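Here the structure comes first, spelled out in structure tokens, and everything after it is commentary.
The values are calculated or read from the model by the stated rules, or taken from the named source; none is laboratory data. Quick caveat, the model's predicted, so the values are computed rather than measured. Cβ placement follows ideal geometry from the backbone for every residue including glycine, while neighbour counts extend to all protein chains displayed.
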């Protein structure tokens, strides 16, 4: 039942293990940390639901410390990082210790950044417990925290030594979080895998019913796509930027509404639809393809339009996004389902028109009040 | 008058420029940043003394932002880092900007860490203005901040694109800071350059008088030694650890006394003398060589003994040093002047005896009250 996908990155290629029961006492996590000093970074939600099983899987470690943080994107900041470092010193974590990120994307980003910077770098294992983290954020080594004025402004590249995606942990995931994770799954179809997008159109009901075979397929196919892109371009000097489809729009939504009002997956779903409509507007994407994109997100359902931010404010926030700050706007647009491109050739007027079309707020199809 | 030493590290080998007048409007700094967006990180002391010249050297940059921090090791922490990040966002610093560290070791460590983590890494130029920073901390890519309970616990490796050591900036350095810098200079002699140590014994008066030729020689010789070690072992998996001679003792002194009571150079001077005496105590270093070491530090003068911490507390702090935390004590000891070794073979009883011999405080030869 377990699938392993290798991320081919020197100097330490690493496996992504996907399947049920991986947190067993004889599973891959137990093997890796046998005899070692371990610091687990988690949040109160995940620790309450799955902490017991994790502790059992770590029974053979030499020492296990725990750092349990509050749950939510609004805690992903430098102040919370200080709590991880306090725990690291409390538990005598030296250069040869392991950090274990046990939670969703926020925990993975912060624990990863802590591992990148504690003693100038210690080993990290990602144990993602949400769909979004299993299909996207736990793989590829991007770590970091938010600045009050921008998403993921502060961080580091720090690859894990292993990703252990135990699909049993998804059983406790609420529907909103599950749907948010699907946004990143659909993203892989949109940017580089038209067959997978078509499969999602055909099998969405099975996915939404969380049928084990369907779940396994979307996680594996997402990780395969992510691993291939990351192996080709670890530091995002080229093709890796495609993974940001919808993210410049989405980060603007997250920053404007305050972290945690819109989930990351919800914000980028709206962002990907905006990118699709803009691509259609400038004639790069056929209208029928654009409709397929919006239709799939609507079926999940995920938002296809931004909240009432206003086109001008949205434009400002996009301009100060990490990928654009102080320079020209670079966007990821679509030439077809499965064919994304990086471009700075989109006319500014067309972008403004798309942003204006998203107003007024009464057109929003998703309400987070 | 300018010397350039290359640090041979892939993927970006970089030059260390050493000489007077390097902050000229047609100097290497002016060349590097022409047309670019620049954030200068400095402290109030250096900004007041040399800020005008730096601004002139940056006149051809596209945009120059400044972040002026309070002066002192006690500010080298995560809270101060947040101020650098605020400035980076205020000045629209994107991935293609340059950070310039303009100050001593504390500024270099913090600006370097900010450059390592802002947007997951931007380019950095080190412009060191103290002897200690010019001979040691600006070269080699170690960056970071202190934890309240330990030196340099949080950080990253981030190599600069250039080090520009304008020796004119040393003219305003007070004597205590200058002597502290000499501790790191003497260190290179002790660990791997017996000829240089002998030269320092012979020419110390010229050095203390800051004769230009003597100053140029000690900076060049120190940078040559540092560049060679760093090129061999960037991430300190081996020989680079020799550069930590006296540092486990020294960090314990700094942490115990509160940052800024003892300067870093003063603490490691006492630490190197402790390492020498311990080496003599276990028969690895001839007593005559040990006397040469202590004698040179005394002539500067720099402390040769720790303050009144107490052997037990000192041992505890050494045990929680970054290089030792949670594991066995690894020390850098001397087999001769110019011949340092990394060892975990020093009997614990002998270390304790050396720490006890440093008590009572009345034996201290240097008073910082």
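With respect to the conditions (1) out of contact with any strand residue (DSSP E or B) (no Cβ under 7 Å at 6 or more places or on another chain); (2) assigned to a loop (DSSP other than H, G, I, E, B); (3) buried (at least 19 other Cβ atoms within 10 Å of the Cβ), residue B:50 lacks only one, and its number is (2). Against the conditions (1) more than 14 Å from chain B (Cβ to nearest Cβ); (2) crowded, with 24+ Cβ neighbours inside 10 Å, residue A:75 satisfies every one except (2).
Of all residues in region B:154-164, exactly one satisfies the criterion of being in contact (Cβ under 8 Å) with a residue 60 or more places away in the chain, surrounded by 24 or more Cβ atoms within 10 Å (Cβ to Cβ) and within 11 Å of chain A (Cβ to nearest Cβ), namely B:154. When the test is whether a residue is farther than 21 Å from residue B:116 by Cβ and in contact with a helix residue (DSSP H, G or I) (Cβ under 6 Å, 6 or more places away or on another chain), residue B:78 does not pass it. Figure legend. Inter-residue proximity from region A:282-301: first residues without any contact (Cβ under 8 Å) to a residue 12 or more places away in the chain, second residues not in a loop (DSSP other than H, G, I, E, B), beta-carbon distance below 6 Å, spacing 6+ or different chains. Indicated pairs: A:287/A:280.
Only residues that are within 21 Å of residue B:208 (Cβ to Cβ) and in a helix (DSSP H, G or I) were counted in region B:255-297, giving 16.
Filtering region B:298-326 down to residues that are assigned to a loop (DSSP other than H, G, I, E, B) and within 14 Å of chain A (Cβ to nearest Cβ), which residue is modelled with the highest pLDDT? It comes out as B:320. Within the option set A:109, A:96, being farther than 25 Å from residue A:227 by Cα and assigned by TED's automatic domain parsing to the domain that holds residue A:132 holds for one residue only, A:96.
Mind telling me which of the residues B:172, B:167, B:143 ends up being in contact with a helix residue (DSSP H, G or I) (Cβ under 8 Å, 6 or more places away or on another chain), at the interface with chain A (Cβ under 9 Å from one of its Cβ atoms) and in contact (Cβ under 8 Å) with a residue 24 or more places away in the chain?
Going through B:172, B:167, B:143 in turn, just one is in contact with a helix residue (DSSP H, G or I) (Cβ under 8 Å, 6 or more places away or on another chain), at the interface with chain A (Cβ under 9 Å from one of its Cβ atoms) and in contact (Cβ under 8 Å) with a residue 24 or more places away in the chain: B:143.
Kindly indicate whether residue A:45 is without any contact (Cβ under 8 Å) to a residue 60 or more places away in the chain, more than 14 Å from chain B (Cβ to nearest Cβ) and closer than 29 Å to residue A:232 by Cα.
Considered against the rule, which asks whether it is without any contact (Cβ under 8 Å) to a residue 60 or more places away in the chain, more than 14 Å from chain B (Cβ to nearest Cβ) and closer than 29 Å to residue A:232 by Cα, residue A:45 comes out as no.
Scanning region A:219-250 for residues that are touching a residue at least 40 places away in the same chain (Cβ under 8 Å), touching a helix residue (DSSP H, G or I) at 6+ places or on another chain (Cβ under 7 Å) and in a loop (DSSP other than H, G, I, E, B) yields A:245, A:246. Does residue A:72 satisfy being more than 22 Å from residue A:109 (Cα to Cα) and in contact (Cβ under 8 Å) with a residue 40 or more places away in the chain? Answer is no for this residue. Being part of a loop (DSSP other than H, G, I, E, B), more than 10 Å from every other protein chain (Cβ to nearest Cβ) and surrounded by fewer than 20 Cβ atoms within 10 Å (Cβ to Cβ) is true of residue B:26. Would you mention how many residues in region B:80-129 are assigned to a helix (DSSP H, G or I), more than 8 Å from chain A (Cβ to nearest Cβ), under 20 Å from residue A:120 (Cβ atoms) and free of Cβ contacts under 8 Å to residues at least 40 places away in the same chain? Selection size over region B:80-129: 1.
Exactly one residue out of A:183, A:165, A:156, A:206 is outside the structural domain of residue A:20 (by TED's automatic domain parsing) and under 30 Å from residue A:79 (Cα atoms): that is A:183. Which one is surrounded by the most Cβ atoms within 10 Å (Cβ to Cβ), of the residues in region A:2-23 that are touching a residue at least 40 places away in the same chain (Cβ under 8 Å) and part of a loop (DSSP other than H, G, I, E, B)? Taking the candidates together, the pick is A:23. Taking the conditions (1) at pLDDT below 90; (2) farther than 29 Å from residue B:154 by Cβ in turn, residue B:368 satisfies each one other than (2). Out of contact with any strand residue (DSSP E or B) (no Cβ under 8 Å at 6 or more places or on another chain), more than 13 Å from chain A (Cβ to nearest Cβ), farther than 21 Å from residue B:74 by Cα and crowded, with 23+ Cβ neighbours inside 10 Å, is that true of residue B:135? Here the answer is yes, as residue B:135 does meet what is asked.
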